[in-house]
Amino acid sequence: MTKQQEASKRRDAKREAIIKAAIHIFGQKGFHAAKIQDIADFASIGKGTVYEYFSTKDELFLAVYDKWMDDFEAQMTASAAEHNNPVSKADALIDTAIDFYETHAQYAAILLEFWAHALRSDDKHFLERIRKMKQTLADLGADVTRQLKKVRAFTEVDAVSFSRLELGISDGIFLQWILDGKAYSLRDAYKFRQSVIGSGLMTTAFRKVMSLKTKKHLKEGFWKSPE
């Protein structure tokens with residue numbers, strides 16, 4: 001490894017350490033209350049070092065979201081590529097989304113705060129990043145929906161409209177799960193959603209194939225009343 005490559009590797013590692021420290025501080029204090037000094041202290045570096053990598057707190061906040069979304073988009077794309085069967089592909093995408101939400105549940109406030117900041121900020125990069133992520137997921141969802149129609153698992157439905165609706169439902173389930181204190185299985189909630197929506201979109205033939213599984217999810221639900 002050349003000296004230049006070693007220097008680049010060290011710089012990447014330092015940037016990663018700053019982002020990890022920022023995740024902790026943003027999650028603990030919130031974006032507006034957090035200070036660059038807090039992040040520097042947690043990373044055990046000088047405040048000036050943070051500014052060598054990120055010129056503003058906004059830029060660092062965007063880097064946190066970028067890291068998460070880059071990972072999420074890559075995982076979703078990989079999950080879709082691993083399956084040729086559209087039913088298996090749809091299941092894999094849902095499982096990947098659930099894994100992401102569960103992994104980042106402790107930092108849910110950062111995700112919600114990012115969305116709110118994107119709507120308030122004069123810096124359009126925030127909203128553009130969210131829209132880029134949503135477009136990537138919408139394209140994946142629409143493609144899978146078209147495949148499900150092609151194999152006659154789904155009846156005729158506008159794939160683009162359905163994929164957009166699914167994005168909103170998915171975010172809503174995650175938010176409700178957080179507000180409910182994670183009192184039930186997020187995976188069960190998603191499976192219930194899948195059965196409810198699938199019941200309306202499945203063709204008659206495919207509904208018969210999936211009947212036992214669908215009825216089980218619909219009957220059992222996901223909400224467990226406190227004892």
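The values are calculated or read from the model by the stated rules, or taken from the named source; none is laboratory data. The structure displayed is predicted, hence computed values, not measured ones. We place every Cβ from the backbone using ideal geometry, glycine too, and count neighbours over all the protein chains shown. When the accessible area is computed, the model is the full protein with side chains, heavy atoms only, and any ligands, DNA or RNA have been set aside. Shrake-Rupley method; radii C 1.70, N 1.55, O 1.52, S 1.80 Å.
Which count do you get for residues in region 23-39 that are surrounded by 14 or more Cβ atoms within 10 Å (Cβ to Cβ) and small (Gly, Ala, Ser)? Adding up the residues that qualify gives 2. Here Gly172 passes the criteria (1) open to solvent by less than 50 Å² (accessible area, probe 1.4 Å); (2) in contact with a helix residue (DSSP H, G or I) (Cβ under 8 Å, 6 or more places away or on another chain) except the one numbered (2). Every condition in (1) open to solvent by 40 Å² or more (accessible area, probe 1.4 Å); (2) assigned to a helix (DSSP H, G or I) holds for Glu156 except the one numbered (2). Residues in region 10-22: is at least one surrounded by fewer than 13 Cβ atoms within 10 Å (Cβ to Cβ), on the phi < 0 side of the Ramachandran plot and of a type in the set (A, V, I, L, M)? Scanning region 10-22, I find at least one residue that is surrounded by fewer than 13 Cβ atoms within 10 Å (Cβ to Cβ), on the phi < 0 side of the Ramachandran plot and of a type in the set (A, V, I, L, M), so the answer is yes.
Considering region 159-169, the residues that are open to solvent by 20 Å² or more (accessible area, probe 1.4 Å), within 17 Å of the chain's Cα centre (by Cα) and in contact (Cβ under 8 Å) with a residue 12 or more places away in the chain include one that is farthest from Leu148 (Cα to Cα), namely Ile169.
Out of region 176-208, which residues are in contact (Cβ under 8 Å) with a residue 40 or more places away in the chain, out of contact with any Phe, Trp or Tyr (no Cβ under 8 Å at 6 or more places or on another chain) and surrounded by 15 or more Cβ atoms within 10 Å (Cβ to Cβ)? The answer is Ile178, Arg187, Tyr190, Gln194.
Residue pairs whose Cβ atoms lie under 9 Å apart, sitting 6 or more positions apart in sequence or on different chains, and linking a residue in region 31-50 that is in contact (Cβ under 8 Å) with a residue 40 or more places away in the chain to a partner that is part of a helix (DSSP H, G or I) and open to solvent by 40 Å² or more (accessible area, probe 1.4 Å), are Phe31/Lys57; Phe31/Asp58; Phe31/Glu113.
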